[in-house]
Each structure stands twice: as structure tokens, then as C-alpha cells.
Ligand code: CA
């Protein structure tokens, strides 16, 4: 019996109760790393308002994993996540285990969720046609909106994995170089922005080119991702090699790795692509219908769908590895800012405010850019009437720059 993923019609019951509409039912089972009372993090699986502590399950003799695999992070679990998730689902649906595993169950509210995995290489793609077009028009008003290669390959840059932090970690306003009225200046960014993205987390590594048909087999799951951006620093530095200090100061991800198998009910055909990509980027593989929102200080400011992306995760992986580049467990592949076709579908303030020239209303205030003290929160969910899964929150509050508020 396929307990998790696949064409289920009615999710089976877990002996840990799942409140209606929780979004963390047995058909989901996302993985994270969490600490109780400041101690060493354990691998935990979310179910309802609780987590199952896999280190405690291992100690009780109910899961066959080495000690190192259930402690600190998901690093040893990611390559085998589908099998571990299947085992967890069987444990949670075996009523006789409720008593023996009672000590492995904790309220999620008591868990201090940490960075779920060691981020290996961080790559950020640029896969939204709407976003790339909007940005091109703003940054290069006199040129073509799209770079000439954009529809032939999923454009990306290599980011900085060491500054990827888990939701809840404050973000310090970066300082850097930019121009003001033709003068080169250095100081706190005046154009701090967020980018609403989803990150694909690599589970199984690969040593060489990955055929597109095998690409998704290397993905353990998805997280929400905020690619914080300093637009003035970015605009000054980005040509010809792409973003650097305007992006590398912070990237926030959500604490739960949503297993790819949990997204099976939400698979959709990828959007049509014209011109047709070269053979190594075909077939594109599926995308997923995931509703994504961004909030500033609790006020929603945008709503998009992951399915709005032009390039798929499978195409990103096939392109990334086509030259022989390896995949490592813990590689993080950002989707790029996701913008949709509607007027509310902008995944960044850069687009919403037209580079800061048209402030938006946020609650009782106006915002052109993110200000010190602001909290930006991304959320994701997928529903089809039977299944409903929540990604959890990807949130961070901005602290002033060392040099003070601009
Ligand atoms: Ca980005």
C-alpha cells in the first residue's frame, strides 16, 4: 500500500491527531531539524501540531538508521528521504506504537527549528518569464527586456551558501557600493528588497550530467526561499557577471523540507515553451500548483503560483549538470523570483513599486522598500480538495546596518 504520495483519495489516519485543515497531515510529513531546550538538534517530522523525533524513534529501536543520521541535520537523511518518509508513515499508522513512541512526540511549539540541512552549493535561477521581463524593463529601459539566451536555457548565478539561514534568523541591512546622482557611494542599502522564491533541495548526489528524465529523482523536496536583495548595490555591480554583494548577504529558507512525493497530487504539466528547448532540456517534466504569498508586517502584498514559472526544476537540473558539474546532497536551487501575470502577482518590491517610484500601501503605512524593523514572511500551500499541505513560514525581521539607518 502506498501510504504517502501517489493517487490517494483519502489520507489514512495517524495516531498523532491531526487537526482539520492543519496542512501537516499524514499525506505531507515534511522533515526538519529541531532542538528542545537548546540541546543538540534532532531530525524531526511534522505531523499535526506535533513533531515525531526520529532520534528518539531510533533509540526506541523502531527505525534502522545510524545515530549520526538522526542528529544535527537532515544531511544523512536527504539522499534516502522517500524511504525514511515511507517508514515514518507506517510507524504513525500502527496503533500499537502509540504507547512505545509516546516519548518521541513533542508539540511543535516546543521545538526550536534550525537550518534543516547543510547547504552545499547554492544556485539561484531566474526562471519566471514575467519577473525577468519586468526586471529587464526596469534595469535596461532602452534595451531588450529579456537577455537573448533567456528562452534557450534557465539562466542562473552561483550564490553564497554560507549566508543561507533558517526562518526566524534576523537579517542585517547590508552596506555596500552604489551610485547616488552619478556619485559612487558606500553605505547601508537604500533599496532593500525581498524575492519570493521556492528552493529545490538535492537529496541524491550525481557525478556527471543528469538526464532530464532522471532529474527529479535527485530532489528530496522543496522549501520556501527569500533571496534578499539590495537593488542599488545590485544595479551598480551586476554587469557583466551577475549579482554578487547585492544578494550574498542573506538568504532565508523555511524550516521544513516538503518531500517531493507529498506534491504528487499537485503536479501540473509545465507551461508551453516557445521556442522549443534543445533536446537535453526536453521533456520539461511537471511543475506543481503551489500557492505562494508574501507579507510585510502581516499585510499580504503578493500572491503567485509556483506553476507560473517558465522553466521547470527538471530543466534547471539538466542544464546545471549538462557540462559535467556535480550535484551534492544539500545543494539548494532557488527558482528565481516568482511573478505571475496578474496585477497582484509581483514577487518583489522592485516590480511592485517600479524601482521604488510608486510606493505601495502596507497596512497603515507606505513602502517603497523594506525598512528596518520590518518583518517579511513568505507562505506556501497546496490544496486539491482532498489533500492540503502547508509549507510553513519563511520569515525574517530586518535589523539596522552597522552604520545605522540610511
Ligand atoms: Ca533571486
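Computed from the coordinates by the stated procedures, all read-outs in this text should not be read as laboratory data. The shown structure was predicted, so the numbers you read here are calculated from the model rather than taken from an experiment. For neighbour counting, all protein chains shown are included, and Cβ atoms are generated from backbone atoms with ideal geometry for every residue, glycine included.
For the reader, a short list of remarks on this structure follows.
- Note on residue 172 and residue 291: the extension gain reaches 40.0 nm, defined as 0.36 nm multiplied by sequence separation minus the Cα-Cα distance.
- Global form of segment 216-344, assessed from the alpha-carbon gyration tensor, a/c cut-off 1.5: rounded
- Prolate/oblate/rounded call for the chain, Cα gyration tensor, a/c under 1.5 rounded: prolate
- Label-to-label distance, nm, for residues given as residue 64 and residue 149 (7 Å Cα→Cβ offset): 4.7 nm
- Between 383, 229, 305, the residue with the greatest mean-square fluctuation in the GNM of the chain (Cα pairs under 10 Å linked by springs) is 383.
- Cut-off 11 Å, label 7 Å out along Cα→Cβ of residue 22, residues of segment 51-95 by amide N: 51-52
- Percent RCO, i.e. relative contact order, over the chain, from Cα pairs under 8 Å lying at least 6 residues apart: 21 percent
- Choice from 89, 235, 200 with maximal GNM fluctuation in the chain (Cα, 10 Å cutoff): 235
- Distance between the 7 Å Cα→Cβ label points at residue 185 and residue 49: 5.0 nm.
- Computed [θ] at 222 nm, deg cm²/dmol, the chain (DSSP H ≥ 4; -39,500 (n - 2.57); rounded to nearest 500): -3500 deg cm²/dmol
- Considering only 377, 321, 287, the mean-square fluctuation computed in a Gaussian network model of the chain, springs between alpha carbons under 10 angstrom, is largest for 321.
- Two-site label geometry, residue 386 and residue 137: point separation in nm, points 7 Å out along Cα→Cβ: 4.1 nm
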